[in-house]
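The values are calculated or read from the model by the stated rules, or taken from the named source; none is laboratory data. Treat the numbers as computed from the prediction; the structure is a model and nothing was measured. Positions of Cβ are generated from backbone atoms using ideal geometry, with glycine treated the same way; all protein chains shown enter the neighbour counts. When the accessible area is computed, the model is the full protein with side chains, heavy atoms only, and any ligands, DNA or RNA have been set aside. Shrake-Rupley method; radii C 1.70, N 1.55, O 1.52, S 1.80 Å.
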Amino acid sequence: MARPIEPLLWLLFSAGGVLAALLLPILLVLFGVLFPLGWLSPPSHEHLHTVLGHPLARVFLFAFCALLLVHGAHRFRYTLYDGLQIKHLNEFVNVLCYGGAILGSAVAAYLLWRVP
C-alpha cells in the first residue's frame, strides 16, 4: 500500500515557512541594509570563510536553502492549483515546482561542498 507523501510536504513547507519568517528578514536587513550603509561593520572575508569552513555551518546553510526552496515550491504549487484552477496540469506543476526545489537544493549543495 502506497503511503501518501503529502504530510511530509506540509511538514517541510511549515519548516521552511518558519525559517523564512524568522531568519530570512534578519539576514536581509544585515546584508542588504546595515552592512552596505556602514551602520554596522561587516564581518571580514576571512571570518565568513572560516565560518563556512565548519561542516555544521554548511549543513545549516544547506538545510536553510533547501527548506526555503521547498516552502516556495509548495506555496507556488498551491497558488497555481487553487488560485488559477489548473487542476488538469497537476502532474506538470508538481514536477516543475518540486523539481525546481530539488535542482536548487542540488546547486546549493554543490556550491557549499566547493568551499575549501
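A Förster distance of 25 Å, applied to the separation of the beta-carbon atoms of residue 27 and residue 89, puts the FRET efficiency at 0.15.
Here the chain exposes an accessible surface that is 77 percent carbon and sulfur, computed with a 1.4 Å probe and the other protein chains kept in place. For the range 11-94, chymotrypsin sites (Phe, Trp or Tyr not before Pro) meeting the loop criterion (DSSP other than H, G, I, E, B) and having at most 10 other Cβ atoms within 10 Å: 39.
Helix 55-78 axis versus longest C-alpha principal axis of the chain: approximately 40°, rounded to the nearest ten.
Note on the chain: with a GNM built from Cα contacts shorter than 10 Å, the maximum mean-square fluctuation among 61, 52, 89 falls on 89.
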